[in-house]
1. Is it the case, given these coordinates, that A:Ala175 is under 21 Å from the mean Cα position of the chain (by Cα) and more than 7 Å from chain B (Cβ to nearest Cβ)?
2. Could you tell me which residue of region A:71-112 is nearest to ligand 2 (Cβ to nearest atom), considering only residues that are farther than 27 Å from A:Leu242 by Cα and assigned to a strand (DSSP E or B)?
3. Among the residues of region B:74-132, what is the count of those that are polar (S, T, N, Q), buried (at least 19 other Cβ atoms within 10 Å of the Cβ) and assigned to a loop (DSSP other than H, G, I, E, B)?
4. More than 8 Å from every other protein chain (Cβ to nearest Cβ) and in a loop (DSSP other than H, G, I, E, B): does that describe A:Arg136?
5. Since B:Pro59 meets every condition but one in (1) touching a residue at least 60 places away in the same chain (Cβ under 8 Å); (2) under 30 Å from B:Ser144 (Cα atoms), which condition does it not meet?
6. Of a type in the set (Ser, Thr, Tyr), within 14 Å of another protein chain (Cβ to nearest Cβ) and either touching a strand residue (DSSP E or B) at 6+ places or on another chain (Cβ under 8 Å) or touching a residue at least 24 places away in the same chain (Cβ under 8 Å) (or both): is that true of A:Thr92 in this structure?
7. In region A:109-133, which residues are within 16 Å of ligand 1 (Cβ to nearest atom) and at the interface with chain B (Cβ under 8 Å from one of its Cβ atoms)?
8. Could you say which residue among B:Ala242, B:Ala185, B:Ala277, B:Ala190 is within 29 Å of B:Ser6 (Cβ to Cβ), of a type in the set (Gly, Ala, Ser) and modelled with pLDDT under 95?
Amino acid sequence: MQGERNAASTPPVGDALAPGAGVGPGSGPSVGLGPSVGLGPGPGSGPEGVVLRAEGLDKHFGGVYAVRNLTMQVEQGHTVSLIGPNGAGKTTVFNLLSGVNPPDAGRIVLAGEEISGMPQHQIARAGIGRTFQNIRLFPGLDVAENVMLSLDARNRYHWYDGLLRLPAFHREDRASRDQLQEYLAAVALEKYAHSKPAELSYGYQRRVELARALAARPRVLLLDEPAAGLNPGEVEEFIELLERLKGDYNLTILIIEHRMQVVMRMSSHVYVMNFGALIAEGTPEQIQNDPAVVSAYIGDAHA
Amino acid sequence: MGYYLSVLTFTSITVVAITSIYVITGLAGLFSLGQAAFMAVGAYTSGILITRLSMPFLPAVVFGIAAGMLAAFLVGIPTLKLRRDYIALVTFGFGEAIIAILNNTANVTGGAMGLVGITPYTTTPVAVGIAVLAVVLARNFKYSRFGRQCIAVKNDEVAAASMGVNVAGIKMMAFLFGSALTALAGTLYASYTTYVEPGLFVWTLSAEWIIIVFFGGVNSLTGAVVAAVLLGTLPEILRATAEWRIAIYSVLVLLIINFRPSGIFGEYELPLWRSIARRFRRAG
Ligand SMILES: Nc1ncnc2c1ncn2[C@@H]1O[C@H](COP(=O)(O)OP(=O)(O)O)[C@@H](O)[C@H]1O
Ligand SMILES: [Mg+2]
C-alpha cells in the first residue's frame, strides 16, 4: 500500500535517503518552470539535487492572502531556512507543503512526484515530515507510543494480524520497537519512554516531536520554529542535536526560525517572506545585508 | 442458582456490548447514540435465520456479525466524515431509523410484536467465553498499530494525518470492528432470551452503554469491563425497574462528572493486559 519505500527490517538511515534518491526522470519537467525566482548560485543548486520544489503557491483565507505566488526549492542534504515577520505566512507554507491545507494555485513536487492535491496522510507517506509551531504531541499516548505512531505508518500487518496476534504482527511490532529505541536514544529520551508528554518539560516535548518526525524517515523534514521557547543555552544544545541528527540520518531540512543564531549557523540558503510573498532569498550573508530584509524587520519584535 | 447464571449470562452479553463501545468511543473518540441498533441488526439477522431457515447457531452468528458490519459501513460512509458532535446526532438518527424499519417489516421481523421462538443456543459458558474473547480482541486491537492510530486521531486529527495516519480509514475500521462486537452481543442476546422486539434496542440503551464506559474510565478497557460487570449486575441483583435504572445512571453521571471526570480507572490497565507489549520492550 505504501509502495516499496521501506522494508521494516532495514536500518533507519534508509533507502529513501540514499544519495540521488531525489533524482528521477519525473523531476525533469520542473526544470526551467520557475523564472520568477532566480536560482541561487550556491553549491549543489543544480536541479538534479532538488528534492522538494513548490511553484507559484497561492493560499488565501477569506480576504487575506496568506501566501502569494511563492516559488521555492530545497536540495537534497541541505538545510534551508524560511524567515519573516509574524504573520508573514510561513506556517501556512508548511501547511501547504504537508497537505494540511490544499493550495489555491500552484504545485508541489517531491522527488519527482507531484504531491499537491494528495490527501495529507499520503503526502506524509510520500516523505514530508513535520513538527508544529505549537507542539502537537498525542496526550493519550506515552512518549514511546507517540514515536511508534510514525513507525506504524510503515508497517503492513493487517487488522486480523493485530487482532489475533499472528506472526506478522509480532515480527513487525518487534522490528518497530527496536527502531523505537534508536530514535528515543537519538534524542536522549530513553528514560522517558513511558511518560506522558504532559509530564515532560517544554524542551523535552520538542525533542519528542523531533523523534516522532524523524521516525517517519521523511525525505524532507519541516521544522516550524523548533527553538521557540528555549533559553539561549538550550538553543545551543538544540543546534548541536540537530546538526548531529542531520549527519546521522542524512536529513534534508526546511526550517522556520526567528533566531538568527540558528539561521546563520545551520542554513545554506534562506528564503525571506513578508505579507505572503517572497521578498528575498540567498545565502545567510546575502540575506543579512539585503535592504529589503532589513526594512521588513524594522519595527518587528524579532528583528 | 439458575437466577445467578442468568445474571452472569446477561452481564457477559453486556460486557461484549461495552467492549464495542470502548473501541468506538474510548479508542476512536466517536460517539454513537445509535449503537444499540447494530445489536438489533445482529439479533434479528441471527434470529430470523435460526427461526425461518433453521440455520445452526455458528453460521447464524457469523451472518449476524456480517449484517451488523454492513449496516455500520453504510451508516459510517456519510457519517464518519462529519464533525464529532454531529456524528452523535446522525448515528442517533440512523439508529432510530433501523428500529423503525424493524417495526415496519412485520412479515419478516414480527414488527412490534417481536420475533419469537429463537432456539436457545446461548448457554452461560458460551456467553462467558465469548465475552472473554471480545475483551481479548479489544485489548489486542488497542496495543496494535490500529489502536495507537485510533488514539492519535482522537487526540489530534491534523497531527495524526501528518504522521501518515489515514484518519477516515482508521475511524471506519474502529466503527466496523466495534459494530461487529455490538452485533455479536445481539446474536448472543437473541439466542438467550429466544425473543427480541425493536423496543429493546432504542437510543437509551446506547446512552446507557456510553455512561458505563465513562464510569469505568473512557481511556481504560479494564475500567470499561469492570463497570460493565458492576453496572450490568447491580440493577439485576437489586431487581431495579427500568425507571430506577435510569435514575441510578443519572446519579452516576453526576458523580463522575463532578468528582472523577476521567472515570474510576482513568487510564489504568491491568498489567497482565500489557504484558506482551512489555516483554517486547524489554527485548528491544
Ligand atoms: N487556518 C487559517 N484560517 C484563517 N487565517 C489563517 C489561517 N492560517 C493562517 N491564517 C492567516 O494567514 C496569515 C499568515 O499566518 P501564518 O502562516 O501563521 O504566519 P507566520 O507563520 O509567518 O507567523 C495570518 O494573517 C493568519 O492570520
Ligand atoms: Mg508561524
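The values are calculated or read from the model by the stated rules, or taken from the named source; none is laboratory data. Source: prediction; values computed, not measured. Neighbour counts are summed over all protein chains in view; Cβ atoms, including those assigned to glycine, are modelled from backbone coordinates with ideal geometry.
1. No.
2. Ranking the candidates gives A:Gly106 first.
3. Of the residues in that region, 1 qualify.
4. Spelling it out, it is not the case that A:Arg136 is more than 8 Å from every other protein chain (Cβ to nearest Cβ) and in a loop (DSSP other than H, G, I, E, B).
5. Failing condition for B:Pro59: (1).
6. Yes: the conditions hold for A:Thr92.
7. A:Gln120, A:Arg130, A:Phe132
8. Within the list B:Ala242, B:Ala185, B:Ala277, B:Ala190, the selection yields B:Ala242.
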